[in-house]
Structures are given as C-alpha cells and as structure tokens.
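Data first, discussion second: the structure below is written as structure tokens.
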Amino acid sequence: MQSLMLKELWNRKFPMLVGSRGLGKSFVLSLYAMLRALIMPERKIVIVGAAFRQSKVLFEYMDTIWRNAPILRDIAGTNGGPRRSVDMCRMIIGDSTITCLPLGDGSKIRGQRANDIIGDEFGSIPREIFETVVAGF
C-alpha cells in the first residue's frame, strides 16, 4: 500500500493522499521527501502545515529514518542531517534541503523558494493563504 502511495506521489503532478488514521500517510510523505532530496541533487523541498506541529510530525519521521540509516548518513556526508530551530526544522541530504515550516497566516514565510511543496493535512490550510503564499514558492 505504501509503495503505491510513493508511486502516485512520484508520478502525479498534484497528488493527494486521502486515508484513515494510521495508514502511514505522514511516514510516506517523509520518505518521499527524503528520496527526492537524495535522488535529485540540489533539490529544495518545503513541507508546510497549518500548525508547526503538523510539519514537525513529518520532520520527526525523517529524523528517525536518518538516525537508523547509516548508509544514508554516509551518502549525505558530514554536513548532512537534521537541524532544528525555533521557527523551522531542516534536513540536509547532500546538496538538497528539506525545510519544515509552520504556515500560520503566511506572513512569516514569504520569500521561500522550493522545487517541491508538500502540504501536510492540506484540508486545514486556508485556500487563500495557500494560493497567495505557498503556491509562490
């Protein structure tokens, strides 16, 4: 099931995962972001959630994968890995960066740039904020 979700995420332009609690959506999104960062050099991936808690859930999954994957750590080099600050979490894999941000009202995150945008719990993100702030990434 999760491999099918990854396939859809990889092959569709605007995929949406809809499923029950415990299906593994957040884990798959985290794995997807890390795979894109690893396979596609110099990728900038932004993960947003209506609340910081939502994007930090994905970051925690990425952190767990990082700690349990010594080969990934070797590939990423000494500068790679998780970085936490008060207002964002960042995962660096090689030349790629995954940034987890709180959306809030959108005023604090303007100016971000990304190749890929992942909206966690998309239904809770206000449409006007997504269209004016996030889509501009």
Condition test on residue 94, is it modelled with pLDDT of 80 or more, open to solvent by less than 60 Å² (accessible area, probe 1.4 Å) and over 20 Å from residue 130 (Cβ atoms)?
-> yes
Of all residues in region 31-45, count the ones that are over 16 Å from residue 82 (Cβ atoms) and among the hydrophobic types (A, V, I, L, M, F, W, C).
-> 3
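How many residues are in a helix (DSSP H, G or I), within 21 Å of residue 25 (Cα to Cα) and among the β-branched types (Val, Ile, Thr) when one looks only at region 40-96?
Going through region 40-96 one residue at a time, the tally reaches 3.
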In region 1-31, what residues are over 20 Å from residue 130 (Cβ atoms), among the small types (Gly, Ala, Ser) and either open to solvent by 60 Å² or more (accessible area, probe 1.4 Å) or in contact (Cβ under 8 Å) with a residue 12 or more places away in the chain (or both)?
-> 3, 20, 22, 24, 30
When only residues in region 1-52 that are small (Gly, Ala, Ser) and more than 17 Å from residue 89 (Cβ to Cβ) count, which is nearest to the chain's Cα centre (by Cα)?
-> 24
Collect the residues in region 32-56 that are open to solvent by 50 Å² or more (accessible area, probe 1.4 Å), within 15 Å of residue 119 (Cα to Cα) and at pLDDT 85 or above, keeping them in residue-number order.
-> 44, 56
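The values are calculated or read from the model by the stated rules, or taken from the named source; none is laboratory data. All of these numbers come straight from a predicted model, not from anything done at the bench. Cβ sites come from the backbone with ideal geometry, for glycine too, and all protein chains shown count toward neighbours. Keep in mind that these areas ignore ligands, DNA and RNA; they rest on the heavy atoms of the full protein, side chains included. Shrake-Rupley method; radii C 1.70, N 1.55, O 1.52, S 1.80 Å.
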